[in-house]
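All remarks here apply to the structure that follows.
The values are calculated or read from the model by the stated rules, or taken from the named source; none is laboratory data. Bear in mind that the values here come from a model prediction, so they are computed numbers and not experimental data. Note that each Cβ is placed from the backbone with ideal geometry, even for glycine, and that neighbours are counted across all protein chains shown.
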Amino acid sequence: MERQMKPGKVAVIGCGFVGSATAFALMQSKLFTEMVLLDIDFDKADGEAMDIAHGIPFAGQMKIYAGNYEDIADAGIIIITAGANQKPDETRLDLVNKNIAVYKNIIPKIAVHGFEGILLIVSNPVDILTYAAVKLSGFPENRVIGAGTVLDTARLKYALSEHLGVDSRNLHSFIIGEHGDSEIAAWSSTNVSGIPLDDFCEMRGHFNHTQAMREIAEDVKNSAYEIIEKKDATYYGIAMSVKRICESIVRDEKSILPVSAIMHGYYGIDGIALSMPAIVGADGVETHVPISLNEEEEKALSHSVETIKGIVSQLSL
């Protein structure tokens with residue numbers, strides 16, 4: 001018997017570093033009244049639920065508990081962070097075979113219970129796993145969203161805000177393409193409160209634009225590797241990114257976020273998932289938003305597409 005979906009209910013599958021940090025961020029967000037944690041090790045999920053629940057008196061009333069797949073069938077959003085962690089010197093794409101196997105176990109268990117909410121994919125490589133989740137679940141494409149380059153874009157805005165000495169919330173820029181080594185900083189459409197980036201840089205005393213942009217983009221791309229080398233995993237930034245995506249869904253904000261979703265038609269991309277700006281609301285991805293790219297960026301995007309296609313073509317789904 002199908003249960004009515006509860007928009008105020010969220011589930012997190014996978015209670016490692018990323019899953020537990022995400023659950024902690026969501027507990028404080030006041031977006032949900034109920035949160036279910038799942039893990040292959042039930043005691044791990046139970047322990048995290050108990051620990052996070054002890055903060056409820058400081059954050060506001062909600063129900064947090066460890067559960068099973070039947071418990072999450074009526075959730076508004078299911079977030080999947082389960083999978084192998086990225087190791088030092090390992091790329092996100094190296095993880096693909098390990099985590100496809102994990103998804104082949106998880107996704108059918110979600111689908112069989114008639115889940116009607118939004119599936120939010122966080123495990124890496126996120127673009128490949130978003131594509132796999134669509135194929136394995138049979139869910140409409142708009143309801144399967146990858147966290148994509150939302151975090152990469154935040155890293156870019158942070159780096160730019162430090163460089164320019166300006167509030168990061170006034171920076172309008174996107175990292176697009178693969179959440180990984182072929183990602184692209186869309187510099188040609190970047191602006192600071194409507195002022196073209198180069199003009200604003202000069203206003204702040206920076207004139208060597210090409211070199212500065214190259215260095216910032218490289219730092220953003222490599223920041224995850226640097227953090228992993230120093231502390232084994234990245235989790236606070238991605239937890240905040242997931243919270244931001246959930247805000248847009250729960251509040252039906254229709255915010256434009258660079259999430260990973262199956263593309264059809266824009267920039268000649270068809271049938272694969274990667275990150276491009278999209279309007280995100282209660283129904284998931286409403287539509288993609290084409291941003292202006294210069295010739296060099298379009299070429300880099302094509303390379304990113306081919307990188308993902310090359311992996312997808314080897315999958316057995």
Mind checking whether some residue in the range 147-156 is surrounded by fewer than 24 Cβ atoms within 10 Å (Cβ to Cβ), in contact with a Leu (Cβ under 8 Å, 6 or more places away or on another chain) and part of a loop (DSSP other than H, G, I, E, B)?
-> no
Hey, among the residues in the range 257-267 that are over 19 Å from the mean Cα position of the chain (by Cα) and touching a residue at least 12 places away in the same chain (Cβ under 8 Å), which one's surrounded by the fewest Cβ atoms within 10 Å (Cβ to Cβ)?
-> 266
Return only the number of the condition from (1) without any contact (Cβ under 8 Å) to a residue 24 or more places away in the chain; (2) under 24 Å from residue 164 (Cα atoms); (3) not in a helix (DSSP H, G or I) that residue 271 does not satisfy.
-> (2)
Contacts under 9 angstrom Cβ, first residue in the range 193-209 being in a loop (DSSP other than H, G, I, E, B), partner loosely packed, with under 13 Cβ neighbours inside 10 Å, 6 or more apart | 204/165
How do the helices (runs of 4 or more DSSP H) wholly within the range 1-109 filter down when requiring 1 or more residues that are among the basic types (Lys, Arg): which remain?
-> 42-53
Within the range 217-239, is even one residue at pLDDT 95 or above, under 20 Å from residue 119 (Cβ atoms) and touching a strand residue (DSSP E or B) at 6+ places or on another chain (Cβ under 7 Å)?
-> no
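Counting only residues that are assigned to a loop (DSSP other than H, G, I, E, B) and crowded, with 21+ Cβ neighbours inside 10 Å, which one in the range 174-192 is modelled with the lowest pLDDT?
From the range 174-192, those assigned to a loop (DSSP other than H, G, I, E, B) are 174, 178-183, 186, 190; that's our starting set.
Still in the running and crowded, with 21+ Cβ neighbours inside 10 Å: 174, 178-180, 183, 186.
Values: 174: 97, 178: 92, 179: 91, 180: 85, 183: 93, 186: 95.
Ranking the candidates gives 180 first.
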Quickly run through the range 97-124 and pick out the residues that are over 24 Å from residue 250 (Cβ atoms) and either in contact with an Asp or Glu (Cβ under 8 Å, 6 or more places away or on another chain) or aromatic (Phe, Trp, Tyr) (or both).
-> 103
In the range 80-116, the residues that are under 23 Å from residue 285 (Cα atoms), in contact (Cβ under 8 Å) with a residue 60 or more places away in the chain and touching a Gly at 6+ places or on another chain (Cβ under 8 Å) = 80, 81, 82
